[in-house]
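Participant: Before we start, here is the structure in question, set down as structure tokens.
The values are calculated or read from the model by the stated rules, or taken from the named source; none is laboratory data. All values reported here derive from a predicted model rather than from experimental measurement. All Cβ positions, even for glycine, are placed from backbone atoms using ideal geometry, and neighbour counts span all protein chains on display.
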Amino acid sequence: MALSGALVASGALEARSRRGPAGPPGAGTANPSALVATEIAFNRRVREKGQWNAFREYADEAAVLFVPQPVLAQGWLSGRKEPAALLQWSPTEVWMSCDGTLGFTTGGWTRSDGTHGVFTTVWKERAKKREYRWVLDMGEARAKPVEEPEFLRAQVTDCPAPQPWNQAPRDKREDEIKVTAEGPPTQGSSDDGTLKWRYVQSPEGRTVLTMTVLKNGETKQLVFEAGAQSREIQP
């Protein structure tokens, strides 16, 4: 993955641990560098095994892809013929929840046919495995390539005060509902509630993704928009 133009700022991606004796399990364990490493491995996999194979390998069971309407990616990707143009990308910004269970990356992509654009990918931690799989990927072509900053920007949400409702273990039935319910999921959240995602889509396929983050004691919304197709889908 081409990360040479977006070096990580010194100390920005170090794992943080604010958990005290009374803190909930996992609080303050965010490590954004894990997402950077996942992106590097994911991009390398595209070169080694092909685009669709790599996207399927790194997709969560309930991952959402826009073609242009949202579909469950695993089923759509299965057996699909590999595109001729090679896709590569480089994140310019990384966010992660305080407990490390959810994060997202955004940046620029290019294809060997000369097209380029922007992307946003939401990543979810696989329970007990300390590895990440993407749950939503969107983007669109742009007339000019995304300018890579000198340093990749990494941010971690605030760590919330311990609450009874976020100390309980996650119920696996929630994930089962997401997979078996009609249509793909339209929203999700980190276990600690400090990072959430939600998207809406127009009948024409225009997608608006809202990432809600807890930062500096305030709830903020970061909004990303994309056209009728994800970055991977060639016209």
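Participant: Output the residue which, of all residues in segment 201-219 that are of a type in the set (D, E, K, R) and farther than 18 Å from Gly100 by Cα, is modelled with the highest pLDDT.
Facilitator: Glu218
Participant: When the residues of segment 197-213 are narrowed to those that are in a strand (DSSP E or B) and touching a residue at least 40 places away in the same chain (Cβ under 8 Å), which ends up surrounded by the fewest Cβ atoms within 10 Å (Cβ to Cβ)?
Facilitator: Gln201
Participant: Return yes or no: is Glu140 in a strand (DSSP E or B), over 21 Å from Arg45 (Cβ atoms), at pLDDT below 90 and not polar (S, T, N, Q)?
Facilitator: yes
Participant: Can you name the residue in segment 62-107 that is part of a strand (DSSP E or B), out of contact with any Ser or Thr (no Cβ under 6 Å at 6 or more places or on another chain) and not hydrophobic (A, V, I, L, M, F, W, C) and is also farthest from Thr212 (Cα to Cα) among such residues?
Facilitator: Ser90
Participant: If Gly20 meets every condition in (1) outside any strand (DSSP E or B); (2) at pLDDT 90 or above apart from one, which number is that one?
Facilitator: It fails just one condition, (2).
Participant: Going by what's in this entry, would Asn166 be described as farther than 25 Å from Asn53 by Cβ, at pLDDT below 90 and either of a type in the set (S, T, N, Q) or within 15 Å of the chain's Cα centre (by Cα) (or both)?
Facilitator: Judged against the criteria, Asn166 is a match.
Participant: Against the conditions (1) at pLDDT below 85; (2) hydrophobic (A, V, I, L, M, F, W, C); (3) assigned to a loop (DSSP other than H, G, I, E, B), where does Ile177 fall short? Just the number, please.
Facilitator: Of everything listed in (1) at pLDDT below 85; (2) hydrophobic (A, V, I, L, M, F, W, C); (3) assigned to a loop (DSSP other than H, G, I, E, B), Ile177 misses just condition (3).
Participant: Only one residue in Ser97, Ser90, Ser112 is modelled with pLDDT of 95 or more and among the small types (Gly, Ala, Ser), so which one is that?
Facilitator: Ser97
Participant: If you don't mind, another one. How many residues are over 27 Å from Ser190 (Cβ atoms), part of a strand (DSSP E or B) and hydroxyl-bearing (Ser, Thr, Tyr) when one looks only at segment 110-137?
Facilitator: The number of residues fulfilling the criteria is 1.
Yes/no matrix, rows are residues, columns are (1) within 14 Å of Pro91 (Cβ to Cβ); (2) charged (D, E, K, R):
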| position | (1), (2) |
| --- | --- |
| Gly28 | no, no |
| Leu35 | yes, no |
| Ile40 | yes, no |
| Arg45 | no, yes |
| Gly50 | no, no |
| Ala59 | no, no |
| Gln69 | no, no |
| Gln74 | no, no |
